[in-house]
Amino acid sequence: DQQVKQNSPSLSVQEGRISILNCDYTNSMFDYFLWYKKYPAEGPTFLISISSIKDKNEDGRFTVFLNKSAKHLSLHIVPSQPGDSAVYFCVGGSQGNLIFGKGTKLSVKP
Amino acid sequence: SAVISQKPSRDICQRGTSLTIQCQVDSQVTMMFWYRQQPGQSLTLIATANQGSEATYESGFVIDKFPISRPNLTFSTLTVSNMSPEDSSIYLCSVHMGGLEGQYFGPGTRLTVT
């Protein structure tokens, strides 16, 4: 049973345009959500988080939106840059425990 | 934040052998975690390792297969025992530093079992 689902395994976007990565979850007990970015041969690195009591969190080019009624969150990257090309993991968190989605591979083309 | 290193970065091992993966953190932490990422899959938590106590294993993972040591607050090892090709994965350690940043991850150990 996948508690965190990323239904798009890959996404290709032109440099300068918006990247939207989507995530759905089934566990209502998550206290917070995170997005991690992973480059090849490196561990995942924290990108941005959102508390379950918020509906939006913004950090520079990155914004995460949370729709609790739909159990859906999304990560927006504007403008997208070639250096953003990586695998992005949507993660649900509760009391320090993390549940990862399978990831979406983002390719930003110059 | 935390800086985490893992050894080895990758290895190719024969079926039936064992491999011990080391994880070193640059600061003292209470909770360390070991994950596995099989090809095409998400990261799956194997166990939580707290210093001074037995590791806590997630469903589907057992101590005989994945023994863990946690001798101090900056170091841990994970052993993959009696390996089979199904154990071919990336193994990652992580630490929890509190707050909403979740966990910090090491670079991973890519294991291939032939």
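The values are calculated or read from the model by the stated rules, or taken from the named source; none is laboratory data. Small disclaimer: the values here were computed from a predicted structure and weren't measured. Here Cβ is always computed from backbone atoms with ideal geometry, including for glycine, and neighbour counts include all displayed protein chains. Surface accessibility is based on the protein's heavy atoms, side chains included, excluding ligands, DNA and RNA. Shrake-Rupley method; radii C 1.70, N 1.55, O 1.52, S 1.80 Å.
When the range B:55-71 is filtered for residues that are assigned to a strand (DSSP E or B) and either among the aliphatic types (A, V, I, L, M) or in contact (Cβ under 8 Å) with a residue 40 or more places away in the chain (or both), only B:68 remains. Every condition in (1) farther than 30 Å from residue A:53 by Cβ; (2) of a type outside the set (Phe, Trp, Tyr); (3) out of contact with any strand residue (DSSP E or B) (no Cβ under 7 Å at 6 or more places or on another chain) is met by residue B:98 except one, and the failing one is (1).
Scanning the range B:72-81 for residues that are in a strand (DSSP E or B) and open to solvent by 10 Å² or more (accessible area, probe 1.4 Å) yields a count of 4. In this structure, does residue B:89 turn out to be away from chain A (no Cβ under 13 Å), among the hydroxyl-bearing types (Ser, Thr, Tyr) and within 15 Å of the chain's Cα centre (by Cα)? Here the answer is yes, as residue B:89 does meet what is asked. Of the residues making up the range B:1-54, those that are basic (Lys, Arg), in a strand (DSSP E or B) and farther than 30 Å from residue A:7 by Cβ number 2. Screening residue A:53 with (1) more than 14 Å from chain B (Cβ to nearest Cβ); (2) of a type in the set (A, V, I, L, M, F, W, C); (3) open to solvent by 30 Å² or more (accessible area, probe 1.4 Å) gives one miss only, at (1).
Among the conditions (1) hydroxyl-bearing (Ser, Thr, Tyr); (2) surrounded by 18 or more Cβ atoms within 10 Å (Cβ to Cβ); (3) away from every other protein chain (no Cβ under 14 Å), the only one that residue B:48 does not satisfy is (3). Of the strands (runs of 3 or more DSSP E) that lie entirely inside the range A:1-108, those containing 1 or more residues that are closer than 23 Å to residue B:106 by Cβ span A:32-38, A:45-51, A:86-94, A:97-100.
With respect to being touching a Leu at 6+ places or on another chain (Cβ under 9 Å), open to solvent by 40 Å² or more (accessible area, probe 1.4 Å), within 14 Å of chain B (Cβ to nearest Cβ) and within 16 Å of residue A:93 (Cα to Cα), residue A:46 fits the description.
The set of residues in the range B:82-103 that are touching a residue at least 40 places away in the same chain (Cβ under 8 Å), open to solvent by less than 20 Å² (accessible area, probe 1.4 Å) and not in a strand (DSSP E or B) contains only B:83. Residues in the range A:18-43 that are of a type in the set (A, V, I, L, M, F, W, C) and more than 14 Å from chain B (Cβ to nearest Cβ): A:18, A:20, A:21, A:29.
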